[in-house]
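Only one structure is covered here, and it is reproduced in the block below.
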Amino acid sequence: LGSAKQGSAHWWAQRISSAALLVLTPWFLGFMLSSINAERYVIQAVLSRPLNASLMIAWVLALFWHAQQGLQVVVEDYVHGRAEIPLQVFVKLLCSLGAIAAVIATLRIVFAS
């Protein structure tokens, strides 16, 4: 568990988000590739389906969660001194804001008239 006694929880969180991304990324790539030449209203109609909207939100949340976990490890391993804690806070804030913005954007597409 290491000196902080939380190593296994972080390790499991990374593995869970990795597994989620392994399942969700093929769906996301298929959605994006099928949307290349599609009109906006077609993409909106496809994304407005509850399953597709749920998968998109799940993919976004798993992506930002996994990114935050990975960047946390990078900061812990390579940044030392006074900059470490502010950088950890910045990474968490940036990933949280990115996830919130992506979920709001998805919901705006889903509920647009």
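The values are calculated or read from the model by the stated rules, or taken from the named source; none is laboratory data. Quantities reported herein were computed from a predicted structural model and do not represent experimental measurements. Glycine gets a Cβ as well: all are built from the backbone with ideal geometry, and neighbour counts include every protein chain shown. Note: areas computed on protein heavy atoms with side chains; ligands, DNA, RNA excluded. Shrake-Rupley method; radii C 1.70, N 1.55, O 1.52, S 1.80 Å.
Values computed for the structure shown
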| read-out | value |
| --- | --- |
| Spatial extent of the chain: Rg and Dmax, with the Cα atoms as the point set, Å | 17.2, 54 |
| Percent carbon-and-sulfur accessible area, the chain, ignoring ligands, DNA and RNA, probe 1.4 Å | 70 percent |
| Trypsin sites (Lys or Arg not before Pro) within segment 35-113, DSSP loop, no more than 15 other Cβ atoms inside 10 Å | 82 |
| Span-like helix ranges in the chain, DSSP H, alpha carbon extent 27 angstrom or more, Kyte mean at least 1.0 | 84-111 |
| GNM flexibility winner over the chain from 20, 83, 45 (Cα, springs under 10 Å) | 83 |
| Accessible area per residue in Å² at 1.4 Å probe, computed on the chain | 69 Å² |
